[in-house]
Amino acid sequence: MIWSSILAMQVLVVSLLLSLVSCVVPSSSADRANADVTSLAPTPPANSAQDKTLQTAVFAGGCFWGIEAVFEHVKGVTDASSGYAGGTKETAEYDKVSEGSTGHAEAVKVIFDGSKVTYAQLLTVFFSVAHDPTEVDRQGPDVGAQYRSEIFYVNDEQKKLATDYIAAIDKSKALREPVATKVSALKQFFEAEQYHQDYLRKNPTQPYIVYHDLPKLEALKKRFPDLYRAEPPA
């Protein structure tokens, strides 16, 4: 009985270790399918609003720690901040949002220089390495509507680029499942509590960060070397 218990414990430990190792692999659906969604990116019109100096984009794709970190390492991004979008001011608090019934998604507001990086390029990063766009109301171990995949557009051009990109991905069947990303107008973005900001930068050895978010940065560096920068903006 004692030996069988020890054996069972050893099997459990090995299983846990294997699960942790598997978490080191980026969970992007595009990566798993070895799909080139970059080639499917829409081309902004010649008189694009993206040519203006500073633009705003808002993305939701699971825990905002990793999404924020990915975009901070994209050239042309001047700032990325974690927050909440989709709900009201009264419920824009982490404990309330975590209940999953506020309408909010954990989201990231990205400020970028349109002369250095385009909105279409940010969409490519979002669909390719920042998260798995095929998962519904979850990302990896995080489950709930607050972890849904959603793009909050700030103008009609962003809306068209996002919807055209999703349509192209689905038509190409580049991913194993249809894109689950919602596209909605941004009503308001509420910045999250201070301890959530720059979380990866401040906690690089935290287990969740090590297993789920650092691989995203490696994927960004590997797949988009021309967009990647080692140091985020100060």
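Where a number appears in this text, it was derived from the coordinates with a stated rule and is not lab data. Note that the structure is a prediction, hence the values are computed from the model and not measured. All Cβ positions, glycine included, derive from the backbone under ideal geometry; neighbour counts span all protein chains shown.
Structural remarks
- For region 169-186, the set of residues classified as in contact (Cβ under 8 Å) with a residue 12 or more places away in the chain, out of contact with any strand residue (DSSP E or B) (no Cβ under 8 Å at 6 or more places or on another chain) and either loosely packed, with under 14 Cβ neighbours inside 10 Å or not in a loop (DSSP other than H, G, I, E, B) (or both) consists of Ile169, Ser172, Arg176, Pro178, listed by residue number.
- Qualifying position, being β-branched (Val, Ile, Thr) and part of a helix (DSSP H, G or I), among Ile166, Ile151: Ile166
- Complete set of residues in region 128-165 that are in contact (Cβ under 8 Å) with a residue 24 or more places away in the chain, in contact with a strand residue (DSSP E or B) (Cβ under 6 Å, 6 or more places away or on another chain) and surrounded by fewer than 17 Cβ atoms within 10 Å (Cβ to Cβ): Lys159
- Residues of region 191-224 that turn out to be outside any helix (DSSP H, G or I), under 30 Å from Lys89 (Cβ atoms) and in contact (Cβ under 8 Å) with a residue 60 or more places away in the chain, as a count: 5
- Scanning region 120-157 for residues that are among the hydroxyl-bearing types (Ser, Thr, Tyr) and under 20 Å from Ser82 (Cβ atoms) yields Tyr147, Ser149, Tyr153.
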